[in-house]
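To start, the structure itself, in structure tokens.
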Amino acid sequence: MSRRIALLVACAAGALLLAACGTVSVAVATQHWASANSFLQASWDLDHDARQVHTAIARHRSPSAIRTACLELFQDANGVNTDLLPTPDAQLTTLLSSTVDAYVHAAAVCDEESTSASALVAVDHQLVVAHGDLIATLLREFAVSNHPVRILGIP
């Protein structure tokens, strides 16, 4: 009977060892996710689109020009929502989801209210909040992926 138990223990230990070999750390999984999904490019696109909306609002462009910028942001934000969520890290998923929601909401209001100056002021404010959320999301991705954060001008 003790041989059976020893064999069972050896098999269980082997199975655990094989299972451990097949797992990937959250850092590695996040690195692969970010690379495969072009996370940094998608983040840049959201930031660029939001700046285009801000510029259109600040320069009092025509409602159709503002709507065009807003629709571009809306499409890119929805693309991020579809293509990049969920992430390998729960906190990163929460942050990215919140960021995308903020951009989608601002773009939708902008599209619907492109002739309302007060609504566009609110949209511009929402974009500032979304930008802060995007920075928090990027910092989380850097932290989880073990990437060093570098700030220009600081060695």
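Does segment 60-77 include one or more residues that are acidic (Asp, Glu) and in contact with an Asp or Glu (Cβ under 7 Å, 6 or more places away or on another chain)?
yes
Scan (1) surrounded by 18 or more Cβ atoms within 10 Å (Cβ to Cβ); (2) aliphatic (A, V, I, L, M); (3) at pLDDT below 95 for the single condition Ala56 breaks and write down its number.
So Ala56 meets the others, but not (3).
Just name the residue that is surrounded by the fewest Cβ atoms within 10 Å (Cβ to Cβ) out of those in segment 82-102 that are within 8 Å of the chain's Cα centre (by Cα) and farther than 14 Å from Ala34 by Cα.
Result: Ser97.
So if I check each of Ala29, Ala65, which one is over 23 Å from the mean Cα position of the chain (by Cα) and either part of a helix (DSSP H, G or I) or under 30 Å from Glu112 (Cβ atoms) (or both)?
From the options Ala29, Ala65, the qualifying one is Ala65.
Quickly run through segment 103-129 and pick out the residues that are buried (at least 18 other Cβ atoms within 10 Å of the Cβ) and either of a type in the set (Phe, Trp, Tyr) or farther than 14 Å from Cys70 by Cα (or both).
Of everything in segment 103-129, just one residue is buried (at least 18 other Cβ atoms within 10 Å of the Cβ) and either of a type in the set (Phe, Trp, Tyr) or farther than 14 Å from Cys70 by Cα (or both), namely Tyr103.
Could you identify the single residue in His60, His54, His48 that is out of contact with any strand residue (DSSP E or B) (no Cβ under 7 Å at 6 or more places or on another chain) and over 23 Å from Thr137 (Cβ atoms)?
Going through His60, His54, His48 in turn, just one is out of contact with any strand residue (DSSP E or B) (no Cβ under 7 Å at 6 or more places or on another chain) and over 23 Å from Thr137 (Cβ atoms): His60.
Which numbered condition trips up Ser64, out of (1) surrounded by 14 or more Cβ atoms within 10 Å (Cβ to Cβ); (2) modelled with pLDDT of 95 or more?
Checking Ser64 against (1) surrounded by 14 or more Cβ atoms within 10 Å (Cβ to Cβ); (2) modelled with pLDDT of 95 or more, the one that fails is (1).
When you go through Leu127, Leu85 one by one, which is the residue that is in contact with a helix residue (DSSP H, G or I) (Cβ under 9 Å, 6 or more places away or on another chain), over 26 Å from Pro63 (Cβ atoms) and touching a residue at least 12 places away in the same chain (Cβ under 8 Å)?
Among Leu127, Leu85, only Leu85 is in contact with a helix residue (DSSP H, G or I) (Cβ under 9 Å, 6 or more places away or on another chain), over 26 Å from Pro63 (Cβ atoms) and touching a residue at least 12 places away in the same chain (Cβ under 8 Å).
Conditions: (1) β-branched (Val, Ile, Thr); (2) in a helix (DSSP H, G or I); (3) under 15 Å from Leu40 (Cα atoms). Thr87 meets all but one. Number of the miss?
Against the list (1) β-branched (Val, Ile, Thr); (2) in a helix (DSSP H, G or I); (3) under 15 Å from Leu40 (Cα atoms), Thr87 comes up short only on (2).
Filter segment 67-81 down to the residues that are closer than 22 Å to Ala27 by Cα and surrounded by fewer than 17 Cβ atoms within 10 Å (Cβ to Cβ) and list them by number.
Asn81
The values are calculated or read from the model by the stated rules, or taken from the named source; none is laboratory data. Since we're looking at a predicted model, the values are computed, not measured. Cβ atoms come from the backbone with ideal geometry, glycine included; neighbour counts cover every protein chain shown.
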